[in-house]
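Any read-out appearing in this document is the output of simple, stated calculations on the displayed coordinates, not a laboratory observation. Note that the coordinates shown come from a computational prediction; the quantities given were computed from them, not determined experimentally. Because the Cβ atoms are built from the backbone with ideal geometry, glycine has one as well, and the counts that use them run over all protein chains shown.
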Amino acid sequence: MRFSLNRIVVITAIVAAGAGCSVNKSYRIDDGTFRDAGIHTVNGSIRIGSDCKIGGDCQTVNGRIEVGDDTTTHDLQTVNGRISIGSGCSMDGDVNTVNGRIKMGAGTIVNGDVGTVNGDILLTGAQVKQDLTTVNGDVTLEAESIVDGDIVVRGKSSLDSEIIIKVSGGSVVKGDVVAKKGRDVRLYISSGAQVLGDIRGAEVFRGETQ
């Protein structure tokens, strides 16, 4: 995962202040909006409509990020909040949250990494061009989703809980599935789904759903 909690907090606060933005503000972007700059706040949510084009990163610290259908943007990053992306979107960067889940709809493509620390990840007919990572979240790929890189369960969990990874509905992981030493990870690969790379550190159940 290419981000850290401190980095997001510091960068977001500096950018928001330097751009003259309120650090205590939520943003709602109307459908069909073309915006040259990104969106930065600290205490506030970011809601982007459908058919939008945002020419920069969208970052917050305390707030969720929601993106409508057929929208293009760059990085999406939050610390305390979920990220929900509609169908047919293009993210020219990474999608990361620390405390929150990530959901991505059909036809959406993320050209970078997707990652959480404490939150589940759900791909429904979506594609991640690089790696998908988590520490304490379950991962579900369905409806012919694709991960071009690896799926990685990182770090040591303070929750002592099992992590479930489901690859179903014709979905494909082109890279490896890697669970770091000491993690309790179960990988369910349903009929018609594939993991093309190596599987390390996870207990594998083929042709089954959990």
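Can you tell me the orientation of helix 5-18 relative to the chain, as the angle in degrees between its alpha-carbon axis and the longest Cα principal axis, to the nearest 10?
Long axis of 5-18 versus the principal axis of the chain: about 20 degrees.
Subtract the Cα-Cα distance of residue 203 and residue 23 from 0.36 nm times their separation in residues, and report this length gain in nm to one decimal.
Going from the current span to full extension adds 60.3 nm.
Give me the extension gain from residue 161 to residue 80: residue separation times 0.36 nm, minus the current Cα-Cα distance, reported in nm with one decimal.
Answer, rounded to one decimal: 27.1 nm.
At a threshold of 8 angstrom on Cα-Cα distance, excluding pairs fewer than six apart, so keeping six or more, what relative contact order does the chain reach in percent?
So the answer I get is 10 percent.
Give me, ordered by chain and number, the residues 5 or more places off residue 195 or on other chains with an amide H under 5 Å from its own placed amide H.
173
Match the structure shown to one of the listed values [x] 0.99; [y] 1.32; [z] 1.03 of Rg/Rh (Cα atoms, Kirkwood Rh), computed from it, and give that label.
[x]
How large is ³J(HN,Hα), in whole Hz, for each residue of segment 68-85 in order, when computed from phi with the Karplus curve 6.51 cos²θ - 1.76 cosθ + 1.60 and θ = phi - 60°, using x for Gly and Pro?
After applying 6.51 cos²θ - 1.76 cosθ + 1.60, I find x, 6, 6, 10, 10, 8, 9, 4, 10, 9, 9, 9, 10, x, 7, 10, 10, 10 Hz.
Based on the Cβ-Cβ distance of residue 184 and residue 43, what FRET efficiency does E = 1/(1 + (r/R0)^6) give at R0 = 35 Å, to the nearest 0.05?
So the FRET efficiency works out to roughly 0.50.
May I ask you to compute the full-extension gain from residue 174 to residue 36, defined as 0.36 nm times their residue separation minus their alpha-carbon distance, rounded to one decimal in nm?
Length gained, residue 174 through residue 36: 46.3 nm.
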